Amino acid sequence: MTIIYNLIDTVIRAHKRPSRISTYTSITRSVFGNFLIKKLSISVDINAYNHHMREVDIENQYQTDFITFQHQNQYY
């Protein structure tokens with residue numbers, strides 16, 4: 001993905017603050033402060049992965065519904 005996208009480009013996306021029992025609470029509380037939702041900049045390649053990874057999963061599920069009969073050579 002780093003070949004397709006420029007690593008310097010960023011996108012602004014709204015993110016929800018993690019809960020208080022999250023593993024990374026000490027790190028994220030300093031970023032979010034008292035806000036529940038905050039707009040943060042993320043890399044374009046990470047944004048594309050997050051928004052299109054579900055499509056790949058659905059395509060894999062569709063492919064499992066079709067049975068293909070492949071000829072296999074067996075040598076004895």
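For the reader, a short list of remarks on this structure follows.
- In segment 1-14, residue modelled with the highest pLDDT [restricted to those that are part of a loop (DSSP other than H, G, I, E, B) and aliphatic (A, V, I, L, M)]: I8
- Some residue of segment 43-57 being exposed (fewer than 10 other Cβ atoms within 10 Å of the Cβ), charged (D, E, K, R) and modelled with pLDDT of 85 or more: no
- Filtered residue count, segment 15-40, keeping only those that are open to solvent by less than 70 Å² (accessible area, probe 1.4 Å) and assigned to a strand (DSSP E or B): 3
The values are calculated or read from the model by the stated rules, or taken from the named source; none is laboratory data. Note that the structure is a prediction, hence the values are computed from the model and not measured. Every residue, glycine as well, gets a Cβ built from its backbone with ideal geometry; the counts of neighbours run over all protein chains shown. Ligands, DNA and RNA are stripped out before the accessible areas are found, and what is left, the full protein with its side chains, is counted by its heavy atoms. Shrake-Rupley method; radii C 1.70, N 1.55, O 1.52, S 1.80 Å.
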